[in-house]
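*Asks:* Below you'll find the structure I mean.
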Amino acid sequence: MARRRQIFEGKAKILFEGPEPGTLVQYFKDDSAAFNVQKRGVITGKGVLNNRISEYLMTRLGEIGVPTHFVRRLNMREQLVREVEIIPLEVVVRNVAAGSFAKRFGMAEGTPLPRSIVEYYYKSEPLNHPMVSEEHVTAFGWAAPQDLDEIMSLSLRINDFLSGLFLGIGIRLMDLKVEFGRLWEDEHMRIVLADEISPDSSRLWDIKTSERLDRERFRDDLSKIADAYQEVARRLGILPESGPADIKGPETMQ
Ligand code: UDP
């Protein structure tokens, strides 16, 4: 059987040519190199969990009218997505100070922010993803001012919706990173949510214990990270015990 053509290999995912024009297959790897840290390795099962978690979250977002590139999950590690022209920005929305932000402003991790703050980073590995302003984005032509307005309002809607969704299962969404792409339908262009939404691209803390349920775990112990991701999937009600028939709805916490 002919091998599918590989379009791109990133740190956590591989993109293959899809079955029809305008589609791609997104394959989720177990590699942990997605984290800008020295330690690298494989987290067994991470790809399977992220594929499932991202499918679930993109589907819920689609239901409230957020356009996404997601079409359907194909198997344990792959999903079919619409091919988009990626806008070279990592859009970070922050609700609570953590990580590089806490360091930059000398704030204790866990300090709530007065309101959600949107930041843009330029997607460039060699430059180590520098933070950029709207001025850089529009002057360099990465996105037009009206595209940025759309990106900002979609990012805030996504953040609000997911904050509520996670709150319902006892998890605080500290911050998250989203990426967008352009999708052309005839002459009309739409900005859609692309890439993935998973514990690789967000900070998720247990509300009661402040236990980290995301990639931050990795900094101490690689072997524990899959447990944390599994716990997120379990609380979302998407962790099949013995097969897809066991998938239930989210477990709401009081
Ligand atoms: N993030 C990401 N990819 C990156 C950098 C950050 O998905 O290359 C996410 C990260 O998981 C967190 C948010 O963006 O949810 C903000 O990350 P921050 O700038 O605080 O960087 P960090 O301290 O994680 O290096």
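The values are calculated or read from the model by the stated rules, or taken from the named source; none is laboratory data. Just so we're clear, the structure is a prediction, and the values are computed from it rather than from any experiment. Every residue, glycine as well, gets a Cβ built from its backbone with ideal geometry; the counts of neighbours run over all protein chains shown.
*Asks:* Filter segment 10-26 down to residues that are in a strand (DSSP E or B) and among the acidic types (Asp, Glu), then give me how many there are.
*Replies:* Here the count works out to 1.
*Asks:* Given the criterion touching a residue at least 24 places away in the same chain (Cβ under 8 Å), farther than 25 Å from Leu213 by Cβ and hydroxyl-bearing (Ser, Thr, Tyr), identify the matching residue among Ser124, Ser153.
*Replies:* On the way: Ser153 fails: touching a residue at least 24 places away in the same chain (Cβ under 8 Å).
That would be Ser124, the only listed residue that is touching a residue at least 24 places away in the same chain (Cβ under 8 Å), farther than 25 Å from Leu213 by Cβ and hydroxyl-bearing (Ser, Thr, Tyr).
*Asks:* Could you list all residues from segment 101-133 that are small (Gly, Ala, Ser) and either on the phi > 0 side of the Ramachandran plot or surrounded by 13 or more Cβ atoms within 10 Å (Cβ to Cβ) (or both)? Spell out how you get there, then give the answer.
*Replies:* Step one: filter segment 101-133 for residues small (Gly, Ala, Ser), giving 102, 106, 108, 110, 116, 124, 133.
Within segment 101-133, Ala102, Gly106, Gly110, Ser116 qualify.
*Asks:* State whether one or more residues within segment 95-117 are closer than 28 Å to Gln26 by Cα and hydrophobic (A, V, I, L, M, F, W, C).
*Replies:* Looking for residues that are closer than 28 Å to Gln26 by Cα and hydrophobic (A, V, I, L, M, F, W, C), one finds none in segment 95-117, hence no.
*Asks:* Now for a separate question. Considering only segment 154-162, I want to know if a residue exists there that is assigned to a loop (DSSP other than H, G, I, E, B) and surrounded by fewer than 17 Cβ atoms within 10 Å (Cβ to Cβ). Walk me through it before giving the result.
*Replies:* Going through segment 154-162, the residues assigned to a loop (DSSP other than H, G, I, E, B) turn out to be none.
No, because not a single residue in segment 154-162 is assigned to a loop (DSSP other than H, G, I, E, B) and surrounded by fewer than 17 Cβ atoms within 10 Å (Cβ to Cβ).
*Asks:* Report the residue count in segment 88-102 for those that are farther than 19 Å from Tyr122 by Cβ, within 10 Å of the ligand (Cβ to nearest atom) and touching a residue at least 40 places away in the same chain (Cβ under 8 Å). Write out each step before concluding.
*Replies:* Going through segment 88-102, the residues farther than 19 Å from Tyr122 by Cβ turn out to be 95-98, 102.
Filter once more, so that each one left must be within 10 Å of the ligand (Cβ to nearest atom): 97-98, 102.
Within this subset, residues satisfying the condition of being touching a residue at least 40 places away in the same chain (Cβ under 8 Å) are 98.
Total meeting the criteria: 1.
*Asks:* Take segment 31-54 and flag every residue that is modelled with pLDDT of 95 or more and surrounded by fewer than 21 Cβ atoms within 10 Å (Cβ to Cβ).
*Replies:* Listed by number, the list holds a single entry, Val48.
*Asks:* OK, next. If Gln79 satisfies every condition in (1) within 13 Å of the ligand (Cβ to nearest atom); (2) part of a strand (DSSP E or B); (3) buried (at least 16 other Cβ atoms within 10 Å of the Cβ) but one, which is the exception?
*Replies:* All conditions are met except number (1).
*Asks:* Would a scan of segment 3-25 turn up a residue that is modelled with pLDDT of 95 or more, of a type in the set (S, T, N, Q) and buried (at least 21 other Cβ atoms within 10 Å of the Cβ)?
*Replies:* No, segment 3-25 contains no residue that is modelled with pLDDT of 95 or more, of a type in the set (S, T, N, Q) and buried (at least 21 other Cβ atoms within 10 Å of the Cβ).
*Asks:* Quick check on segment 40-50. Is at least one of its residues under 18 Å from Leu213 (Cα atoms), in a loop (DSSP other than H, G, I, E, B), touching an Asp or Glu at 6+ places or on another chain (Cβ under 8 Å) and away from the ligand (no atom under 16 Å from the Cβ)?
*Replies:* Step one: of segment 40-50, the residues under 18 Å from Leu213 (Cα atoms) are 42-50.
Subset that is in a loop (DSSP other than H, G, I, E, B): 43-45.
When the remaining residues are screened for being touching an Asp or Glu at 6+ places or on another chain (Cβ under 8 Å), the result is 43-45.
Checking which are away from the ligand (no atom under 16 Å from the Cβ) leaves us with 44-45.
Yes, segment 40-50 contains a residue that is under 18 Å from Leu213 (Cα atoms), in a loop (DSSP other than H, G, I, E, B), touching an Asp or Glu at 6+ places or on another chain (Cβ under 8 Å) and away from the ligand (no atom under 16 Å from the Cβ).
*Asks:* Just the residues that are hydrophobic (A, V, I, L, M, F, W, C), touching a residue at least 24 places away in the same chain (Cβ under 8 Å) and more than 9 Å from the ligand (Cβ to nearest atom), please, taken from segment 185-214. Don't jump to the end; show me each part of the working.
*Replies:* Of the residues in segment 185-214, the ones hydrophobic (A, V, I, L, M, F, W, C) are 189, 191-194, 197, 204-205, 207, 213.
Applying the additional criterion that residues be touching a residue at least 24 places away in the same chain (Cβ under 8 Å) yields 191-194, 197, 204-205, 207, 213.
Passing the criteria: Ile191, Val192, Leu193, Ala194, Ile197, Trp205, Ile207, Leu213.
*Asks:* Which condition from (1) in contact with a strand residue (DSSP E or B) (Cβ under 9 Å, 6 or more places away or on another chain); (2) within 14 Å of the ligand (Cβ to nearest atom); (3) of a type in the set (A, V, I, L, M, F, W, C) is the one that Phe105 breaks?
*Replies:* Here Phe105 clears every test but (1).
*Asks:* So, one more: How many residues are part of a strand (DSSP E or B), more than 19 Å from the chain's Cα centre (by Cα) and either among the acidic types (Asp, Glu) or over 25 Å from Pro67 (Cβ atoms) (or both) when one looks only at segment 119-153? Give the steps one after another, and end with the answer.
*Replies:* Start the filter on segment 119-153 by keeping residues that are part of a strand (DSSP E or B), which leaves 119-122, 131-132.
Now restrict to residues that are more than 19 Å from the chain's Cα centre (by Cα): 132.
Now drop any that are not either among the acidic types (Asp, Glu) or over 25 Å from Pro67 (Cβ atoms) (or both), which leaves none.
Number of matching residues: 0.
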